[in-house]
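Reading through the structure tokens given below for one structure.
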Amino acid sequence: MTMRTRGEKIFGIFNAILLTAIAMVCIYPFIYILAVSLSDAKSVNMGAVWLLPKGINLNSYSQIVHKEGIWTAYLNSFFYMFMGTAVSMALTTLGAYALSKKRLVGHRFLNLFVVFTMWFNAGMIPMYLNFKNMGMLDNRWAIIFGFAINTYNFVILRTYFANVPQALEEAAKIDGASDFKVLLKIYLPLAVPSLATVALFYAVERWNSYFWPMILLKSDSKIPLQVVLKKMVVDMSSRMDSLNYGRDMTGTSEDGFIYSTMVIAMIPMLILYPFIQRYFVKGVMVGSVKG
Amino acid sequence: MKKLSETKEKRSNLSKRIWADRQLYFMLIPFLLFYVIFVYKPMWGLQVAFKDYNIFKGMSGSPWVGFENFKTIFGNPYFFRILRNTLLISTYSLIFSFPMPIILALLLNEVRIRKFKSLVQTCTYLPYFISTVVVAGMVTSFLAPSTGMVNLILAKLGFEKIYFLSKPEYFRTIFITQGIWQNAGYSSIVYIAALGGIDMELYDAAMVDGCGRWKQTLHVTLPGLLPTIVTLFIISVGNILNVGYEKIILLYQPATYETADVISTYVYRLGVEQANYGVSTAMGLFNSVVGFVFVYAANKISNKINGMGLW
């Protein structure tokens, strides 16, 4: 360690302040939303809530419990996340394992067949028509299977499998193990960190997606929370459209309701976040290595 | 004769190899079925772009119309507007959003207290994991005309309240700012990793030569980051036509179409909302093809410059 010059010390202090400010900008919206969701409508309307909730009440949360649509949507979201991640992992793992084998006849063509879809896809309308023509509109399984594989995640797993020493597989094969057994007993236990990364990628993607569920699902009994929230947010802005902006909004409890819905929509991700952070950083690195 | 038996042998060898790996092929079936049914079959459906598509006649029954749908697009008075908006939003994000993660990574690199560094990282990565709907909800409510935080501050400072989301002139700023807020931290991961890969001996050598921290940053850190920066920059240029329309759909409104409407959002309204499948597919195809050319060219350039790219 060398001596730091005065300029460097000043920079160090300035840097610490700047980074603290950046970090605060990143998390402040979360704190604000939580505070508003816990405050009473009057304090929110007066603009008194900035950091801590004022006039604490849980009205907006109890509203959620009583409003049936929200609960259904919440449960739907969990269904799409868990079921979707399970299906995604099964398909991606099978494909990535098989295509990581360079000895496989046709592996070059098959890899190109898959990776090509990263740079070219049919686009929104042909995809929509495809679901429509298969009679998969308003069908839960369209969401589960129609978006099962993310090719980036496939590349991450394939890269991992390709780097496992061949000798392990050969030894097992000599002992008479089948390919399925090799995958289950040797590769999967070794790949747990990579599998966890990819599973988290999928879980986040599934939980957060709104666009295709919005387009494909019509019945209230099937839509996930993000779609309900989207309707509420858009309703809110169109409701404000019709108001002069000098005037205060009526029914601010509606705002608290939206905020608390946003909070419950974030909770699963916030719970996953510590795990995500540990694995994602590694995942990003693997993914950025040439596929 | 010898040659014939050789090829025969080769062929039986090949089928032997395929048979030996039959379980692997079996594993591939569900995997490939996904790509065939949900990714490649829609590509077959791209023919709609060249047809006068009629739901009742179906894909094969609808008559071919050649480039009629494309003519409609280029004759559309809004075509110039959506193309301009697409390019402008991408260009502005390239100018303003692209450098942010690099700056953040460099600042974090100068921090000596590890706990502080990881705390800042934890905070800055967080927004990335929040859904676009929630983020759009935050933006909408913070900018709300009467009770939104920004307008409350403006009012306290004695300015007039502004309904930001209904003003076309603010849309791009809002869109790009929220993009930076959500993605800068997460995108910095790649740069932080690249910084970790710089040889420490280079720093030692620079110090022996009498370089201070600033000069070390200039002569060691930045050159070490350059390949990563160049690669990611080229990839971003390649993606210039792929604007995050899912976010735009949540934030725009008819009053701001003038600056907010991009190709994909127009395709969405035309196709999904108005069921004009022919023209919207044609427009999407135009976007994909030009976008593909861009990405392909960008990747070729990236591979040539520093031997790394997406594929």
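The values are calculated or read from the model by the stated rules, or taken from the named source; none is laboratory data. What you see is a predicted model; the values in this text were computed from it and never measured. A quick note on method: Cβ atoms are made from the backbone with ideal geometry, for glycine too, and the neighbour counts reach across all protein chains shown.
Mind listing whichever residues of the stretch B:95-113 are among the aliphatic types (A, V, I, L, M) and either buried (at least 16 other Cβ atoms within 10 Å of the Cβ) or within 14 Å of chain A (Cβ to nearest Cβ) (or both)?
Those that are among the aliphatic types (A, V, I, L, M) and either buried (at least 16 other Cβ atoms within 10 Å of the Cβ) or within 14 Å of chain A (Cβ to nearest Cβ) (or both): B:Met100, B:Ile102, B:Ile103, B:Leu104, B:Ala105, B:Leu106, B:Leu107, B:Leu108, B:Val111, B:Ile113.
For the stretch B:28-54, enumerate the residues that are in contact (Cβ under 8 Å) with a residue 60 or more places away in the chain and either away from chain A (no Cβ under 12 Å) or not hydroxyl-bearing (Ser, Thr, Tyr) (or both).
B:Gly45, B:Leu46, B:Val48, B:Ala49, B:Phe50, B:Lys51, B:Asp52
Is it fair to say A:Lys173 is touching a residue at least 40 places away in the same chain (Cβ under 8 Å), surrounded by fewer than 19 Cβ atoms within 10 Å (Cβ to Cβ) and of a type in the set (Lys, Arg)?
Against the criterion (touching a residue at least 40 places away in the same chain (Cβ under 8 Å), surrounded by fewer than 19 Cβ atoms within 10 Å (Cβ to Cβ) and of a type in the set (Lys, Arg)), A:Lys173 does not qualify.
Does the stretch B:91-121 hold any residues that are touching a helix residue (DSSP H, G or I) at 6+ places or on another chain (Cβ under 8 Å) and hydroxyl-bearing (Ser, Thr, Tyr), and which are they?
B:Tyr92, B:Ser93, B:Ser97
On the basis of being free of Cβ contacts under 8 Å to residues at least 24 places away in the same chain and within 30 Å of B:Val133 (Cα to Cα), does A:Phe211 make the cut?
Taking the combined requirement at face value, the residue satisfies it.
Of the residues in the stretch B:110-128, how many are part of a helix (DSSP H, G or I) and without any contact (Cβ under 8 Å) to a residue 40 or more places away in the chain?
The number of residues fulfilling the criteria is 8.
Residue by residue through the stretch A:146-167, note down the ones that are surrounded by 14 or more Cβ atoms within 10 Å (Cβ to Cβ) and free of Cβ contacts under 8 Å to residues at least 40 places away in the same chain.
Passing the criteria: A:Thr151, A:Val164.
Are there any pairs, at least 6 apart or on different chains, whose C-beta atoms fall under 7 Å, with the first in the stretch B:58-74 and part of a helix (DSSP H, G or I) and the second hydroxyl-bearing (Ser, Thr, Tyr), and if so, which?
Going by the 7 Å Cβ cut-off, there are no qualifying pairs.
Among the residues that make up the stretch B:209-217, is at least one of them at the interface with chain A (Cβ under 10 Å from one of its Cβ atoms), farther than 30 Å from A:Tyr28 by Cα and touching a Ser or Thr at 6+ places or on another chain (Cβ under 9 Å)?
yes
State all residues of the stretch B:193-215 that are touching a Phe, Trp or Tyr at 6+ places or on another chain (Cβ under 9 Å) and surrounded by fewer than 17 Cβ atoms within 10 Å (Cβ to Cβ); if no residue qualifies, say none.
Scanning the stretch B:193-215 gives B:Cys211, B:Trp214.
Tell me the residue from A:Ser194, A:Ser178 that is in the same structural domain as A:Asn76 (by TED's automatic domain parsing), at pLDDT below 90 and not β-branched (Val, Ile, Thr), please.
A:Ser194
Across the stretch B:240-251, what is the total count of residues that are under 15 Å from B:Leu88 (Cβ atoms) and within 10 Å of chain A (Cβ to nearest Cβ)?
Here the count works out to 1.
Restricting to the stretch A:112-145, what's the tally of residues that are surrounded by 19 or more Cβ atoms within 10 Å (Cβ to Cβ), more than 9 Å from chain B (Cβ to nearest Cβ) and of a type in the set (S, T, N, Q)?
0
Limited to the stretch B:133-162, what total is found for residues that are in contact with a Leu (Cβ under 8 Å, 6 or more places away or on another chain), within 7 Å of chain A (Cβ to nearest Cβ) and either buried (at least 20 other Cβ atoms within 10 Å of the Cβ) or within 30 Å of B:Tyr191 (Cα to Cα) (or both)?
Of the residues in the stretch B:133-162, 7 are in contact with a Leu (Cβ under 8 Å, 6 or more places away or on another chain), within 7 Å of chain A (Cβ to nearest Cβ) and either buried (at least 20 other Cβ atoms within 10 Å of the Cβ) or within 30 Å of B:Tyr191 (Cα to Cα) (or both).
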